[in-house]
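Chemist: I'd like to ask you about the structure that follows.
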Amino acid sequence: MEKKHLAVSDFCDLAKDTHGMMPGENYFALYELALNSSVENIIDVGVGRGATTIAYALGLMHGGSAGKVDLFNKTAVFRKVNPDLFSSFDISGIEQIESDIVGEFLSASIPN
């Protein structure tokens with residue numbers, strides 16, 4: 001694969017499109033980390049809608065790596081009830097969230 005390099009603005013768009021919780025510059029930093037690393041496999045935990053996973057995967061791809069990103073996502077949401085107490089509740093519709101993540105990967109041209 002031909003080496004490619006994205007810009008910070010691409011990751012500002014990614015953050016917006018995936019409702020990412022960090023600024024685009026942070027996703028760009030993760031992309032560059034994967035792009036310039038000799039690591040071939042990355043584990044991403046708590047991926048939300050996939051912005052960090054996409055950043056890592058694009059970095060590996062654009063760096064010419066045949067590696068992969070394994071991801072683990074939570075199936076419950078924690079809500080702060082008061083300053084010292086959190087409660088959890090199941091996400092009804094986890095299938096929709098998984099579908100959204102796959103859609104984000106496909107729109108970023110990341111093979112599964």
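Chemist: For region 24-59, which residues satisfy the criterion of being more than 13 Å from the chain's Cα centre (by Cα) and not in a strand (DSSP E or B)?
Modeler: Those that are more than 13 Å from the chain's Cα centre (by Cα) and not in a strand (DSSP E or B): E25, E32, L33, L35, N36, S37, S38, V39, E40.
Chemist: Next up: Do you know which of the residues in region 1-23 that are assigned to a helix (DSSP H, G or I) and of a type outside the set (G, A, S) is nearest to the chain's Cα centre (by Cα)?
Modeler: Across region 1-23, the extreme among qualifying residues is L14.
Chemist: If a residue has to be under 18 Å from I101 (Cα atoms) and touching a helix residue (DSSP H, G or I) at 6+ places or on another chain (Cβ under 7 Å) to count, how many in region 32-58 make the cut?
Modeler: 11
Chemist: Would you pick out the residues in region 49-66 that are without any contact (Cβ under 8 Å) to a residue 60 or more places away in the chain and among the small types (G, A, S)?
Modeler: G50, A51, A55, A57, G59, S65, A66
Let's see how each residue does on (1) among the aromatic types (F, W, Y); (2) in contact with a Pro (Cβ under 8 Å, 6 or more places away or on another chain); (3) modelled with pLDDT of 75 or more:
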| residue | (1), (2), (3) |
| --- | --- |
| F11 | yes, no, yes |
| N36 | no, no, yes |
| G64 | no, no, yes |
| A76 | no, no, no |
| F86 | yes, no, no |
| D90 | no, no, no |
| V102 | no, no, no |
| N112 | no, no, no |
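The values are calculated or read from the model by the stated rules, or taken from the named source; none is laboratory data. As the structure is a prediction and not an experimental result, all values here were calculated from the model. Cβ: placed from backbone, ideal geometry, glycine included. Neighbour counts: every protein chain shown.
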